[in-house]
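In what follows, a structure is listed as C-alpha cells, so that the remarks can point back to it.
The values are calculated or read from the model by the stated rules, or taken from the named source; none is laboratory data. As the structure is a prediction and not an experimental result, all values here were calculated from the model. Every residue, glycine as well, gets a Cβ built from its backbone with ideal geometry; the counts of neighbours run over all protein chains shown. In case anyone asks, the SASA skips ligands and DNA or RNA and just uses the protein heavy atoms, side chains included. Shrake-Rupley method; radii C 1.70, N 1.55, O 1.52, S 1.80 Å.
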Amino acid sequence: QVQLVESGGGLVQPGGSLRLSCAASGSIFSINDMGWYRQVQGKERELVASITSGGITTYEDSVKGRFTISADNAKMTQYLEMNSLKPEDTAVYYCKIRALTGRSGSVSYYKTLWGQGTQVTVSS
C-alpha cells in the first residue's frame, strides 16, 4: 500500500510562517512529480506549487516569493515552506505525487496519490 502522510498545519498570525511536510511510503520505485494544492470549503482545489523530478518548480502567482517547495529524495518527503502568510492563504492543503509503482518488463505503472489534507489557518 502506498500512502502520503501530511503534517505541519496549524494556526498562525498574518506575517508568520509554517512548514508543511508530506512523507510517502510503500511500494514506490520513484516519484516523478510532486505538488501542493489547497482548497477552501465550497471552492475548487487549486495548485499552489509543484516540483518535477528534475527540480523545476512552479508557483501560483499569489504565493510567488513567499512559498518554497522542496523535496528530500532519500526520505521521499516533500515540503512547503510558507512565509509572510496572509489570511487569504487559509485553506486545507493537500500534497500530491505521481509515482512509479510497478514495472512489468518495459511497461511502467503510475499512480497519482493524495495526502489526507492539513488545515492552515492564518488569523490574528
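Report the label-to-label distance for Asn73 and Phe29 in nanometres (one decimal), using points 7 Å from each Cα along the Cα→Cβ vector.
A separation of 1.6 nm, rounded to one decimal place.
Placing one identical point scatterer on every Cα of the chain and ignoring solvent, what is log10 I(q)/I(0) from the Debye formula at q = 0.09, 0.14, 0.15, 0.18 Å⁻¹?
-0.25, -0.58, -0.65, -0.90
May I ask you to give the solvent-accessible area per residue for the chain, in square angstrom, as obtained with a 1.4 angstrom probe?
55
For the chain, compute the number of Lys pairs whose alpha carbons are separated by less than 21 Å, excluding pairs fewer than 8 positions apart on the same chain.
Within the chain, the lysine pair count is 7.
On a full-extension model of 0.36 nm per residue, what is the gain between Ser123 and Ser53, subtracting their alpha-carbon distance, rounded to one decimal in nm? Walk me through the numbers before you get to the answer.
Numbers: separation 70, 0.36 × 70 = 25.20 nm, distance 3.45 nm.
Length difference between fully extended and current span is 21.8 nm.
Hey, could you get me the Stokes-Einstein D for region 78-124, Kirkwood radius over alpha-carbon pairs, 25 °C and 0.890 mPa s, rounded to whole µm² s⁻¹?
Diffusion coefficient, whole number: 184 µm²/s.
Considering the dipole of the chain built from charges on the beta carbon (Lys and Arg +1, Asp and Glu -1) around the Cα centre, which of Thr101, Gly35, Trp114 is farthest to its positive end?
Among Thr101, Gly35, Trp114, the one farthest towards the positive end of the dipole of the chain is Thr101.
Full extension from Thr112 to Arg19: what is 0.36 nm times the residue separation minus their Cα-Cα distance, to one decimal in nm?
31.2 nm
So, taking all protein chains as they sit and a 1.4 Å probe, how much accessible area belongs to Arg45, in Å² rounded to tens?
90
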